[in-house]
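Sharing a structure below in structure tokens format, with a few things to ask.
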Amino acid sequence: MSKHYCPYCLPTKRRSHTHFHVAYYLGRVSGLGLRIKLKTPGQSYFNCYSLWPFILRALSVIKIVKFENNPDQSELLNRSLIFFNEAKKMGIDIQAVKILGGYRNDFRFSYDNKEYYYESIPLFSHNSNFDMDDKSKSRALLELNNIPVPAGAKFTNKQKALQFAKQIDWPVVVKPCSGSLSQHVVCNISSEKEFLEAVRIVKKYRPDFIVEKYILGNLYRATVVGKDKVFCCHRERANVVGNGNSTIEQLIQEKNRDKKRGAPTKRNTTLHQIVVDDILISTLKTQGLSLGSVLENNQKVYLHYKHTLSSGCDTVGLTDQMHSDNRELFLQITNLLNTRIVGIDFICADISKSYKEQECAVLETNSLPYIDMHYEPSHGVSDEVAQVVWDIVLNSI
């Protein structure tokens, strides 16, 4: 095992990908495909693990498990924390689950004299038979139902993948069949040399991968809850905007002073400060810039190649500007997946215009979305997603 963290997994600190490879081959041998997982993301223990509550209660007797009414909020992800705090405001009896001294973003709450358990988000999904986090399966389902997706296919063989990339023409994207936070994803590949390097990177993560056409546009996150509530935000890579006087380094320092932005390692925050590291300096260099460069007034410069929250990206709340056709598209996807919660990564030029009138594509679907992006955006409208989710949950149990 490497002593260093994988640079393609950052901000996730991962030294080995062996468990992803083992899960893949076990799935191949057993015929269960990617349904074999070390842990099923997004599936609540309430639905999938009927024995889990009994195990937790038994372990609490010998103090291995604790149920805490007032947990250390700095140890909880903001994705979970917004629901915990909203439950407190609503008078719901709720506790965070602590196992062997650590929080797992699992929770217990009581309602009408019954106990319920969930992971991160209390909206229980009805569909546990389809893995929407499997990018290959998700895109196949959407394509079959005429939902716009990039031209693409799944591969394990790099030569067949290269032939396909040339067939759909550059630029292309190479990404793993599972995973999040843009781990091992390489975008805007425009040559055979770049492509083969991207395949080398992606196969470190797991043997199978997807090659698809690169779509130019803005990246939006639509989150559907309860099959009828749709929230939308624009996720924009870390950036600064010039004023004609300040250097890029000074603009970064100014942006980092925003009280809504926490340190990159901080868990109980949605927005993060921009870190000056080798990636940032390299990104500037490719644009002919440095930390000492002075930008013209209103000149925007991007500082990172990933759209991840921990890299300092902006999130702009745009629910009120989403075109009605796009809203209906996201609801259609939710019905196809037969779920009550899904995050949809969608790319187009302008979310306020119909998807029918512009080049666009659904990039992937997520069962456990970072829903707090809608609750605490850097700019734009803030949506009361936590209250909406709890209202749906309490009215359905």
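The values are calculated or read from the model by the stated rules, or taken from the named source; none is laboratory data. Please read all numbers here as calculations on a predicted model, not as lab measurements. With ideal geometry, Cβ positions are generated from the backbone for all residues, glycine too; neighbour counts draw on all protein chains shown.
Of all residues in segment 154-163, count the ones that are surrounded by fewer than 17 Cβ atoms within 10 Å (Cβ to Cβ) and farther than 16 Å from Arg200 by Cβ.
Qualifying residue count for the region: 1.
Here's a follow-up. Residue check: is Asn188 more than 30 Å from Leu26 (Cα to Cα) and out of contact with any Leu (no Cβ under 8 Å at 6 or more places or on another chain)?
yes
I'd like to check something: does segment 263-277 contain any residue that is β-branched (Val, Ile, Thr), more than 30 Å from Leu368 (Cβ to Cβ) and touching an Asp or Glu at 6+ places or on another chain (Cβ under 8 Å)?
yes
Can you report the number of residues in segment 204-228 which are among the basic types (Lys, Arg) and within 19 Å of the chain's Cα centre (by Cα)?
2
State which residue is surrounded by the fewest Cβ atoms within 10 Å (Cβ to Cβ) when the search covers only segment 56-104 and only residues that are more than 22 Å from Asp383 (Cα to Cα) and in contact with a helix residue (DSSP H, G or I) (Cβ under 6 Å, 6 or more places away or on another chain). Don't jump to the end; show me each part of the working.
Within segment 56-104, the first condition is being more than 22 Å from Asp383 (Cα to Cα), and the residues that meet it are 56-72, 74-75, 93-104.
Add one more test, that the residue is in contact with a helix residue (DSSP H, G or I) (Cβ under 6 Å, 6 or more places away or on another chain), and what stays is 65, 94, 103.
Working: Val65: 18, Ile94: 23, Tyr103: 20.
Going through the qualifying residues, I end up with Val65.
While we're looking at this one, here's another question. May I ask you to say which residue of Ile397, Ile392 is more than 29 Å from Lys213 (Cβ to Cβ), surrounded by fewer than 16 Cβ atoms within 10 Å (Cβ to Cβ), touching a residue at least 12 places away in the same chain (Cβ under 8 Å) and not acidic (Asp, Glu)?
After applying the criteria, what remains is Ile397.
If Gln167 meets every condition in (1) closer than 30 Å to Gly292 by Cβ; (2) at pLDDT 95 or above; (3) polar (S, T, N, Q) apart from one, which number is that one?
Status for Gln167: all satisfied but (1).
Only one of (1) modelled with pLDDT under 95; (2) of a type in the set (Gly, Ala, Ser); (3) within 23 Å of Phe130 (Cβ to Cβ) fails for Ser311. Which number is that?
Of (1) modelled with pLDDT under 95; (2) of a type in the set (Gly, Ala, Ser); (3) within 23 Å of Phe130 (Cβ to Cβ), only one is false for Ser311: (3).
Let me ask another. Given the residues Ser110, Ser80, which is the only one that is part of a strand (DSSP E or B), out of contact with any Cys (no Cβ under 9 Å at 6 or more places or on another chain) and either modelled with pLDDT under 95 or under 18 Å from Leu368 (Cβ atoms) (or both)?
Within the list Ser110, Ser80, the selection yields Ser110.
Here is a further query. Could you check, for segment 287-302, whether at least one of its residues is touching a residue at least 24 places away in the same chain (Cβ under 8 Å), within 22 Å of the chain's Cα centre (by Cα), farther than 28 Å from Pro7 by Cβ and not in a strand (DSSP E or B)?
Within segment 287-302 (the criterion being touching a residue at least 24 places away in the same chain (Cβ under 8 Å), within 22 Å of the chain's Cα centre (by Cα), farther than 28 Å from Pro7 by Cβ and not in a strand (DSSP E or B)), the answer is no, since none of the residues qualifies.
Listed here are the residues, each with its yes/no results for (1) assigned by TED's automatic domain parsing to the domain that holds Phe83; (2) within 30 Å of Phe83 (Cα to Cα); (3) out of contact with any strand residue (DSSP E or B) (no Cβ under 6 Å at 6 or more places or on another chain).
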{"position": "Val211", "(1), (2), (3)": "no, no, no"}
{"position": "Ala222", "(1), (2), (3)": "no, yes, no"}
{"position": "Gly226", "(1), (2), (3)": "no, yes, yes"}
{"position": "Gly242", "(1), (2), (3)": "no, no, yes"}
{"position": "Ser246", "(1), (2), (3)": "no, no, yes"}
{"position": "Glu249", "(1), (2), (3)": "no, no, yes"}
{"position": "Asp258", "(1), (2), (3)": "no, yes, yes"}
{"position": "Pro264", "(1), (2), (3)": "no, yes, no"}
{"position": "Asn268", "(1), (2), (3)": "no, yes, yes"}
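Suppose the filter is in a strand (DSSP E or B) and touching a residue at least 24 places away in the same chain (Cβ under 8 Å); does Val149 pass it? Don't jump to the end; show me each part of the working.
Numbers: in a strand (DSSP E or B): no; touching a residue at least 24 places away in the same chain (Cβ under 8 Å): yes.
No, not satisfied.
Let me ask something else about it. Would you mind stating whether Lys193 is under 30 Å from Phe130 (Cα atoms), among the basic types (Lys, Arg) and either surrounded by fewer than 17 Cβ atoms within 10 Å (Cβ to Cβ) or modelled with pLDDT under 95 (or both)?
Spelling it out, it is not the case that Lys193 is under 30 Å from Phe130 (Cα atoms), among the basic types (Lys, Arg) and either surrounded by fewer than 17 Cβ atoms within 10 Å (Cβ to Cβ) or modelled with pLDDT under 95 (or both).
Restrict the check to segment 377-387 and report whether at least one residue is at pLDDT below 95, in contact with a His (Cβ under 7 Å, 6 or more places away or on another chain) and more than 24 Å from Gly217 (Cα to Cα).
No, that holds for no residue.
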